[in-house]
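Asks: Sharing a structure, written as structure tokens. Questions coming.
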Amino acid sequence: MKLCVWASRGAFAAAMAAAACGDSGVAASETDATGMETQATSSGDSTSEPAPTTGAPTTSGTSTVGTDSATVATDGDTTTTTTTTDGDTTTTTTDGDTTTTTDATSTGPAPFCGDGEVDDGEACDDGPGNADDGNCTLACAEAVCGDGLVHAGVEACDDANDVDDDACSNTCALATCGDGAVQNGEACDDADADDTDACLSTCLAASCGDGHVQAGVEQCDDGNPDDGDACLSTCHTASCGDGHVQDGVEQCDDGNADDSDACLADCKAAICGDGEVQAGVEECDDADADDNDACLADCKAATCGDGVIHTGVEQCDDGNDIDGDGCSSACTVPTTCEDLQAVVPMLPSGVYVVDPDGVGGQAGYSVFCDMVTAGGGWTLLERSPLGAQTIGKALYNDLPVNAADPANARHRLSKAQMTALRDLSTDMRIDCRGEDYLLTAAGNLFNGQGGPNSCFNWSQVLYKEARLKGNFVQNKTICTWHVGTSEGCAGAWHIDEVAQNQYGCGLVNYPWKGAAVVSPSADTFATDPNTLDAVNPVHDCHKPGAARWLMVR
């Protein structure tokens, strides 16, 4: 083993040390400033004499020349030599056969951070380039995120903590929306720019009214609370039935499907004519303007008296409840008094307008209706008071008297009017407003028409009923006179109980009871005074002030 021990001093010492270290085992010598030479003796393979180790104290010597110094220490078999030159230090230790040399020779000051050399304990050293914002810090440590120093151009911040939701993230980036970390002031951060998910690109939690449609959650989102546009404040698409009126689209919206209230199920305001009946407002609504059906154009149910004729239901409708004007209060056009009584049963006797040919055709005319006698419903054709110039003897003559004034004491309709009423009737009644009367078929009205214009115009007449002075017959055929125009004859519908077998009638006399009832010809149902009954009880038609009524029903 070789042991090379030196001390140096400047450049010279270095050169000397280099020359002296060889394989000869001869120790190098160094001359100090006084010219003295110091020799280091080695043990082991060295041929020099060992330094004394017994009998004398251990020698430790120090020589200093200028700034150079050398120290040799010997302890038993161990020799340590330390040489220092201009700040350089060389230490050589010999222990038995082992020699260790440490050379810490340097040309400058002791190593330090910033000398440009990476020394022990340093991760880096850029010399003057060291900086707390550089790759190598002033502490000769490599810049890393978390060191509390902001590495320029690499880090945006460095708060030296592991809190990831403060102003500086754990990756040394300034907290920003979109970095994936929820910072103070952020409700969420999903690190994407998708505004249709639960977290907006503004790091706010998606919510109705934020102006973005959250997929699968919202139908729309217009960012306003206006419920009158296409998107409700609930972020549902406006639709009929949502309870909000969409401007320009809906007239109303009550949120229900009830078509009987003010707003229809299709969000249109209920109006007359929409086909839906608005409860409490309309009686009906058939969606047409036809006033002739069951529902009027003003959405009122057609009723008698509304002034509009309901086709198929009403014959007329004059808007009033007057029964005598040709349109009854039941909205019918009466053809006869019996017709009128059928629809208005409680009518009193009086003058009413009838129209035998019904709606259309000829206009109706006024007649007197007897609503009392024998159940009522009789239409008066002729009224002839007892006295001269009777009118009842020539019904087949067209000699109307006061035809437009049915209430007049002397009254007869025209033959055409009589004919029309006859054809609508079944029965004909002749009476003088007492108990005596004749009841026969209405078809017998003009019996004797075409016969001799004399006092001898006769025919057989079947009477359904007949009463005279308390004598009553039914379904009895009686020979009856139908006189002509001569005022000298007895009145029309004259019956002579003792002349039944004359004039071609061939009937049995005394039709009433099989025996004489009155004096000859006293049973005349006439209005003339030619053959008056003077036997009590006096025939009703012969009493003072009597008038004969000829009526049909």
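Asks: For the stretch 105-158, which whole-number percentage of the solvent-accessible area (1.4 Å probe, protein heavy atoms only) is attributable to carbon and sulfur atoms?
Replies: Here carbon and sulfur together make up 54 percent of the probe-accessible area.
Asks: Step through the residues of the stretch 284-292 one at a time and calculate ³J(HN,Hα) from phi using the Karplus curve (6.51 cos²θ - 1.76 cosθ + 1.60, θ = phi - 60°), rounding each to whole Hz and writing x for Gly and Pro.
Replies: Listing the rounded values in order: 6, 6, 9, 6, 9, 9, 7, 8, 9 Hz.
Asks: Ok, one more. If you roll a 1.4 Å probe over the heavy atoms of the protein chains, what accessible area per residue do you get for the stretch 95-242, in Å²?
Replies: Per residue, the stretch 95-242 has an accessible area of 56 Å².
Asks: Let me ask something else. What whole number of Å gives the distance from the Cα centroid of the stretch 444-482 to the Cα centroid of the stretch 358-374?
Replies: Distance between centres, Cα-based: 26 Å.
Asks: Of all accessible surface on the stretch 220-372 at a 1.4 Å probe, what whole percent is carbon and sulfur? Don't skip to the answer; put the middle values down first.
Replies: Working: 4010 of 7470 Å².
Exposed carbon and sulfur together represent 54 percent of the surface.
Asks: Further, regarding this structure: When ligands, DNA and RNA are left out and all protein chains stay put, how many square angstrom of accessible area per residue does the stretch 291-423 have with a 1.4 Å probe? Can you show the working numbers first?
Replies: Values: 5610 Å² over 133 residues.
Value for the stretch 291-423: 42 Å² per residue.
Asks: In whole percent, what relative contact order does the stretch 289-396 give with Cα contacts below 8 Å and a gap of six or more residues?
Replies: Numbers: 195 pairs, mean separation 16.7, N = 108.
Computed over the stretch 289-396, the figure is 15 percent.
Asks: If you don't mind, another one. Taking amide H positions as placed 1.01 Å from N in the peptide plane, with prolines and chain starts having none, which residues 5 or more places from residue 326, or on another chain, fall under 5 Å of its amide H?
Replies: Amide H to amide H, under 5 Å and 5 or more residues apart or across chains, residue 326 pairs with 353.
Asks: Would you kindly derive the ³J(HN,Hα) couplings of the stretch 376-382 from the backbone phi angles with the Karplus curve 6.51 cos²θ - 1.76 cosθ + 1.60 (θ = phi - 60°), listing them in order in whole Hz, with x for Gly and Pro?
Replies: With coefficients 6.51, -1.76 and 1.60, one gets x, x, 8, 9, 6, 9, 8 Hz.
Asks: I've got another one for you. Sort 313, 344 by accessible area with a 1.4 Å probe, largest first. Don't jump to the answer; show the numbers that get you there.
Replies: Working: 313 100, 344 25 Å².
Result, largest first: 313, 344.
The values are calculated or read from the model by the stated rules, or taken from the named source; none is laboratory data. Keep in mind it's a predicted model, so treat the numbers as computed, not measured. Heads up: the accessible areas ignore ligands, DNA and RNA and are worked out on the full protein's heavy atoms, side chains in. Shrake-Rupley method; radii C 1.70, N 1.55, O 1.52, S 1.80 Å.
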